Amino acid sequence: MNLNKDGFVKSSLFHISSLVRGVAMSKSAGCCKRFLHYAFDYETPKTLVIPSLGVGFVFRFTQFLVVMYVVGYVCVVQKAYQDTDTVISTVTTKVKGFAFTNTSDTEPRFWDVADYIIPPQSDHSFFVLTNMVVTPKQVQSHCPELPSPSTTCVDDCNCVEGRSDPRGNGIQTGLCENYSTTARTCEVLSWCPLEIDTKLPEHALLVAAENFTVLIKNSITYPKFNFHRRNILPHVNSSYLKRCEFSRLTDPHCPIFRLKHIVSEAGEDFQDMAVKGGVLGILIDWSCDLDWWAGECLPKYSFRRLDNKHPVNNVAPGYNFRFAKYYKTADGEETRTLIKAYGIRFDVIVFGTAGRFSIVPTIVNLGAALSFLSLVPVVADWFLVTCSRKRDLYSRHKTTHLTEDADSASVSMGTTYGTQ
Amino acid sequence: MNLNKDGFVKSSLFHISSLVRGVAMSKSAGCCKRFLHYAFDYETPKTLVIPSLGVGFVFRFTQFLVVMYVVGYVCVVQKAYQDTDTVISTVTTKVKGFAFTNTSDTEPRFWDVADYIIPPQSDHSFFVLTNMVVTPKQVQSHCPELPSPSTTCVDDCNCVEGRSDPRGNGIQTGLCENYSTTARTCEVLSWCPLEIDTKLPEHALLVAAENFTVLIKNSITYPKFNFHRRNILPHVNSSYLKRCEFSRLTDPHCPIFRLKHIVSEAGEDFQDMAVKGGVLGILIDWSCDLDWWAGECLPKYSFRRLDNKHPVNNVAPGYNFRFAKYYKTADGEETRTLIKAYGIRFDVIVFGTAGRFSIVPTIVNLGAALSFLSLVPVVADWFLVTCSRKRDLYSRHKTTHLTEDADSASVSMGTTYGTQ
Amino acid sequence: MNLNKDGFVKSSLFHISSLVRGVAMSKSAGCCKRFLHYAFDYETPKTLVIPSLGVGFVFRFTQFLVVMYVVGYVCVVQKAYQDTDTVISTVTTKVKGFAFTNTSDTEPRFWDVADYIIPPQSDHSFFVLTNMVVTPKQVQSHCPELPSPSTTCVDDCNCVEGRSDPRGNGIQTGLCENYSTTARTCEVLSWCPLEIDTKLPEHALLVAAENFTVLIKNSITYPKFNFHRRNILPHVNSSYLKRCEFSRLTDPHCPIFRLKHIVSEAGEDFQDMAVKGGVLGILIDWSCDLDWWAGECLPKYSFRRLDNKHPVNNVAPGYNFRFAKYYKTADGEETRTLIKAYGIRFDVIVFGTAGRFSIVPTIVNLGAALSFLSLVPVVADWFLVTCSRKRDLYSRHKTTHLTEDADSASVSMGTTYGTQ
């Protein structure tokens, strides 16, 4: 450890030193010398070495605790030495499956992907139609309103031409018509016949939808780290992809999901949910540790119902929307089939944070830890002067007390020894 | 504070101490003893206690300032003791309302949700049609171009078969045809008749759209904190939801918004905006303090026009897109109605950061603060040796100067006293 | 630097001092005096000034290194003094262009935006149809399955009524029918005729799509900094916008992109990609330094293919989806044209982090840096006692060793000098 013989340091220092001496020899060098003293005189605390095993042990133990905390918690558990980035992702989905419906209300019908996925493609969600209220052959015309307290009438005087009730279905023509043999309601200008959406089938129409499968292709990027990955892992080949199906235990990385499985993993019953619809989240967690020693970066799938369905506050339940298919009759009149579509919207939510070693958070956290190391002497000193056996002796050697009235130029150290 | 009698510490220390002494008794223990000295000798700075109220006051006051800063600014204002997470959200929207149009250009028509929401559902935005240019009964055929400097012609020589001008409407057939009695233009292969989109109605067609309402259902998650919430608050019941309407003063948590209200809160006029369309942001801020003492976590709504409409740089104003409804005539020919749809796209933008107490940022920030505490003695020492009344006395006792030529083994302290 | 004459500090301190003295005069003031001593006695380390140019140089140099690190790396490179926020953005897109197709398989057809953009509008992506398999005039009926090992049959016994094979195209009726003169397959209930999607055109149908252009309007917000910006820059006027086209060299801020250019910048060939489809990311990076000295905040465009197409793991390649156009025949029967649409989905991905000076990260990082400054004396002291020429002399003056058996009240300093 004797660096005295070290050529570079010694010689360069000597060089400066002799330079300084040379400069000092010159006449106007007093100021320069003072500057050198000011800049390079090194002020170091005088220290007292105390050969006490107890105090030394407390000192080392406190040091050990701080180091343990830094290594164990900040570095290992919280990975505070890493810089982080948020995921950017793209998703495509492809549903497969068909169904055949043959209920008493509707005529037999075969359904395939083009029928039940609305709209046919979307960014990171897909909607599977499971139930519906169909109102075919609507045309722009007049028809009596659906009976309700605000629409029933006795004669034309109850109906005001041009009135449009927000809870109604059209603009009143001012006439009172027979809705049925028992009820008379105001006539409205609207798409007629009106939709009667109170007759929602008790059982979902497309019960077979639970066996549909969806292939989710998800590519992600961590732009800060220039890291790209997709959820179809490198080792997956076409034949595996044709027959596999996601299962947390046996196929945790197969990107093909059975809808029933998704819903049941979210703690819901598919048939229940299919009746009134809902929103289901397919969460893909790409949280990754990108340091080379941290192994692979793999997607973790989880499923959660996103709309609330708790009976305690079950307001505005389910998920539905209306759309229409427009036709033209032979004579050019526009007609439409209105569909109130109930179904499950599957939102693919990709999230995640990647961490990779970076010098700045490391420095910041090490700095914070070093600050705690500077607390260690405070603890040890406190132990020294209050708890150690020879605390009086140590205090006497460590601390010099100036008396308040010490105005004389030279105070003997002895006089302050006994003050505490 | 006398811990001398403390059983555990004393006895365990004594145990080690006697162990050490026992080891030291053995023959080869010199090296071991030196190691113990090296590891457990405690080196502590010698200190000087100065009973000066002034210096002490400066010291305590600087300490107080640092502590105040840490508590007041870092902790209270910036909440630097919290770990943060970014919101993950899902949105569904449902528009309600209908309109009746009866202008000179178009035939009377009734509009409901299925007609003016395009596409019928989307992730976190919805488009409300407010104005349009309709071109019905288009078929694949030939027709003369719309007159413009690049399409007018005198005879067939001006038109090149197969040419497709990017600013034109189709592929030229090479013929020059009469567009009107006064103008001749090149014939093109296209969907004919061509759309004439210069005749945009001055007033929006669906002026009634301002009274449409939209129910926004928004569920959010902070995955790091496993925190879920929706914008339909727990105390909201169905009957309230049926009649309420968002208002910043009276109903700040009703999730039903009147379109006119949204647009006017964004500082725009609905009728103006409806003519050429635009994009309006419905911003939902879920920034929350999830510490238990911080109270509730509620959504804050705000509205902002997202496309620029300032007259100083009004390039590419408004929002519109084209879509078509396809029909088949009785003889199997495809025909379509082209619609250039102007309207307002409402983007629901959910953002927010939640914070919750976490030990790592706390440590980091406390560490940084402690570093500042280590600056306090520097300030106090500076005050001590430059500003205090007895600064010469203090300096003399605090600082020992080695003279540069002190080569003798023992230097009397007295000789350095007068050097500064 | 002589602040002795400073009125305020001196007088206020004197005031307190005389107050204390006054209090001390009173009878029960002993306790109070002790408290004042306890609170305001200032304990400062005794220091030794060493006039060694070498040690001083090491000290200043180490200090310089730490300061350089803090200034150079933390502040300049990593901008650790900034608070950051993540971008919130809205995107609208508008594609322009038309195409004419006339292949042997299909009848001549003219395509415009309403035909090839599906759905007509979307949040932050658009799909351009480039290739397709069209199956016109499908109706709900019976037809023999497409031949495959699982669907071929000899007689009706091979087909089970009601069976639905997930890899098939419909629900079996139990009959075995002639598919062609050579093959017999089970009859299924489905949309007939069945789609034969193995006949995908080798060359993309809409080859002209490469010359389509897209105008991307993107507005962004950094909510934390209340900063708004759009990608149509303030100096852009309408006439420039009509004729410009994005080019990294000549028009880096023109928001109009030719599709071919996007694809080729992503390192792909448009004609290749158009056959089977794909997903292309248009990445807009709004990373900005919002401090006033940092100049402008401009979008940076980049393009990347988001789905994987590497031949080593080319499973599930391309991008396609099915949709249908529904018609009604004159007698009210529903018929549809099924389209399996291949094409390129362009995802506009907006990301970025803005930074602006903020006091908290500055404090945290300065704190961490100051912690490192506290390491400097450790380094210098180590150099002092191990490497400097007069290290014995310096050690002797700096460090006092207490002997282990020093039980006497007064230990002469001389006795410990020679111990190390």
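The values are calculated or read from the model by the stated rules, or taken from the named source; none is laboratory data. All values derive from a computational prediction rather than experimental measurement. In this analysis, Cβ positions are derived from the backbone assuming ideal geometry, glycine residues included, and neighbour counts consider all displayed protein chains. These accessible areas exclude ligands, DNA and RNA; they are computed on the full protein's heavy atoms, side chains included. Shrake-Rupley method; radii C 1.70, N 1.55, O 1.52, S 1.80 Å.
Some notes on this structure:
- No other residue among B:107, B:195, B:177 is more than 20 Å from residue C:114 (Cβ to Cβ) and under 47 Å from the mean Cα position of the chain (by Cα) apart from B:107.
- Residues within the range A:148-171 that are surrounded by 15 or more Cβ atoms within 10 Å (Cβ to Cβ) and either within 12 Å of chain C (Cβ to nearest Cβ) or outside any strand (DSSP E or B) (or both), tallied: 9
- The range C:109-133 - residue that is free of Cβ contacts under 8 Å to residues at least 40 places away in the same chain and touching a Ser or Thr at 6+ places or on another chain (Cβ under 7 Å) and, of those, farthest from residue C:283 (Cα to Cα): C:109
- Those strands (runs of 3 or more DSSP E) of the range B:201-270 that lie entirely within it include none in which at least 3 residues are more than 11 Å from chain A (Cβ to nearest Cβ) and modelled with pLDDT of 90 or more.
- Within the range C:83-104, being modelled with pLDDT under 90 and under 37 Å from the mean Cα position of the chain (by Cα) holds for C:83, C:84, C:85, C:86, C:87, C:88, C:89, C:90.
- Meets criteria (among the polar types (S, T, N, Q), out of contact with any Phe, Trp or Tyr (no Cβ under 6 Å at 6 or more places or on another chain) and surrounded by 15 or more Cβ atoms within 10 Å (Cβ to Cβ)) for residue A:180: no
- Among (1) at pLDDT 50 or above; (2) of a type in the set (Phe, Trp, Tyr); (3) farther than 30 Å from residue C:402 by Cα, the one test that residue A:57 misses: (3)
- Within the range C:313-336, residues that are at positive phi and at pLDDT below 85 sit with their Cβ atoms under 8 Å from residues that are hydroxyl-bearing (Ser, Thr, Tyr) and open to solvent by 20 Å² or more (accessible area, probe 1.4 Å), at 6+ positions apart or across chains, in these pairs: C:316/A:238.
- In the range B:288-299, the count of residues that are among the aromatic types (Phe, Trp, Tyr) and more than 14 Å from chain C (Cβ to nearest Cβ) is one or more.
- With a requirement of 2 or more residues that are within 30 Å of residue C:338 (Cα to Cα) and within 14 Å of chain C (Cβ to nearest Cβ), the strands (runs of 3 or more DSSP E) lying completely within the range A:60-133 that satisfy it span A:88-96, A:99-101, A:109-111.
Residue-by-condition table, conditions (1) in contact with a strand residue (DSSP E or B) (Cβ under 6 Å, 6 or more places away or on another chain); (2) buried (at least 18 other Cβ atoms within 10 Å of the Cβ); (3) in contact (Cβ under 8 Å) with a residue 40 or more places away in the chain:
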site	(1), (2), (3)
A:227	no, no, yes
A:245	yes, no, no
A:249	no, no, no
A:254	no, yes, no
A:263	no, yes, yes
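- Residues being closer than 26 Å to residue B:171 by Cα and in contact with a helix residue (DSSP H, G or I) (Cβ under 6 Å, 6 or more places away or on another chain) - total across the range C:210-256: 2
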